[in-house]
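Have a look at the structure below before the remarks.
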Amino acid sequence: MGTRAAVYTRISDDKEGRARGVARQEADCRELAAREGWQVVEVYSDNDLSAATSSRKRRPDWDRMLDDAEAGRFDVILAYTTSRLTRRPREREDLIELHEEFGTGLRFVASPDPDLSTADGQYIFRTLGGNDTAEAARTAERARRKQAELAESGRHNGPRPYGWDIHGRGADQRLTVNDAEAAVLRECVDRVLAGEGLWKIVRDLNDRGVRTSTGKPWATQVLRRVLLRDRNHGYRKHQPRGKDGKPKGKPALYPGQWDPIVDTETHDRVVALLTDPARRSNNRGTEAKYLLTSVAACGECGRPMVGTNEFNYELKNGRTRHYPHSYKCPHAGCMKVQRRMADVDDHVNRVVVGVLERDGVRLLGGDPVAADAARARISALEAKLALAADQFADDTITGEQLQRITARLRPELDAERARLRSAQPAANLADFAGPGVAEAWAGADVETRKAIIRLLGMQITINRVGPGNGRAYDPASTAITWN
Ligand SMILES: [Zn+2]
């Protein structure tokens, strides 16, 4: 049998009694019980309106509750605060006695839980029980006012945020930019804006031994939160809260008393990108995973091949068969070509590196005019996305509208980014021309490699191989032509 709880509510003509009717007290207590997994077996309620605090007038449900406790009908009494339960010292003694004899516990929604099994706990319950409510409310109100004050004056409050160092204590506390961490933040911002997935940035940071402000490895959600902070562009965000501690009204931004790490325009673009619902679902950005997906063509039907993940298949005899990463033709009516990815990639990598070593400088000449045009279109699209995100945040448009807008702008943005990549002037690709090519290629991500393959005008076709030929890789089965 689980813990059985009794709820006690009391209506009275004092501040708390007027503010919190019995229904509200009961609901709060039931919520507490639900949280603890306790079963509420009885609700006791007294009307104390006509009696003064010191009154000795009997409260029928109070007496009934004590009798039931002695009869072992429940294990714990729940009330909103100690003063809702009782303000009378003699009754508090009854409760202490009840605990000692029958083990009946006390729990409160908005007062500290007394530990009646110790002399200290009993002392606190006896002496502070009477006016704890007013004190608790005053404390909460003071804390709320202090928070709002700190926020309005643009002061930081809380643990050290990534990117800044904290100096001084209390009212003298101030933040200065931590150069090393600020550099990491700016790098992450650039990479996010370049379309890189958070998961990948996180993996890279952790590989490099970069740690969070608490010295832990990065996680995608942590980096996301850090990148979305208004603190980054020099603003202090404050969410006002009501008496119940719940958010009340819209969050406000106040100029912070610290130096920003990114400018507002850049920050807005990051927010637009990271809050884009299309991206949110997978956190993988827009980047590709496999080198030749939609680059290589099927030798049978001419349509683009796709990369597939590796997997293990359990055979009936209990053995496991491993299927490695592969490229295959996914198109209905064909699906005739499939090849081990490692073999094809290896072959293509060799060819590309050979060509770049020989002729990279000329081949990667790029087109600065086209690149500038693409950049201009990219900022325009990003501004539109940022605007939509702001409107969504301001409730000017619905989430559905935001989704429609991003769904429309996203492919345009991706296309412009691809145009920018393929029009990059030689300076950005200098590593991929001349003697250092092999190393640069080995260190490049899939996205960059794909861009270079497109830039080189390579046409890659994966042909079908005859039966019995499947094990050994025949380079001739991957045909490379040049535009
Ligand atoms: Zn095909």
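The values are calculated or read from the model by the stated rules, or taken from the named source; none is laboratory data. The model shown is predicted, which means the values in this text are computed figures rather than measured ones. As a convention, Cβ positions derive from the backbone with ideal geometry for all residues, glycine included, and neighbour counts pool all protein chains shown.
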How about the range 180-226: which of its residues are β-branched (V, I, T) and over 22 Å from T266 (Cβ atoms)? T214
Return yes when A374 is among the small types (G, A, S) and within 16 Å of the ligand (Cβ to nearest atom) and no when it is not. no
Please work out if D94 is surrounded by 13 or more Cβ atoms within 10 Å (Cβ to Cβ), modelled with pLDDT of 85 or more, farther than 23 Å from A23 by Cβ and in contact with a strand residue (DSSP E or B) (Cβ under 6 Å, 6 or more places away or on another chain). no
Report, by residue number, each residue of the range 288-320 that is within 23 Å of I452 (Cβ to Cβ) and more than 16 Å from the ligand (Cβ to nearest atom). A288, K289, Y290, L291
Given (1) touching a helix residue (DSSP H, G or I) at 6+ places or on another chain (Cβ under 6 Å); (2) modelled with pLDDT of 85 or more, where does E100 come up short, assuming only one miss? (1)
Every residue in the range 321-355 that is of a type in the set (V, I, T) and within 16 Å of the ligand (Cβ to nearest atom), please. V337, V344
What is the one condition in (1) modelled with pLDDT of 85 or more; (2) loosely packed, with under 12 Cβ neighbours inside 10 Å; (3) in contact with a Phe, Trp or Tyr (Cβ under 9 Å, 6 or more places away or on another chain) that F311 does not satisfy? (1)
Among the strands (runs of 3 or more DSSP E) contained in the range 300-360, which hold 2 or more residues that are touching a residue at least 12 places away in the same chain (Cβ under 8 Å) and out of contact with any Pro (no Cβ under 7 Å at 6 or more places or on another chain)? 306-308, 320-323, 326-328, 338-340
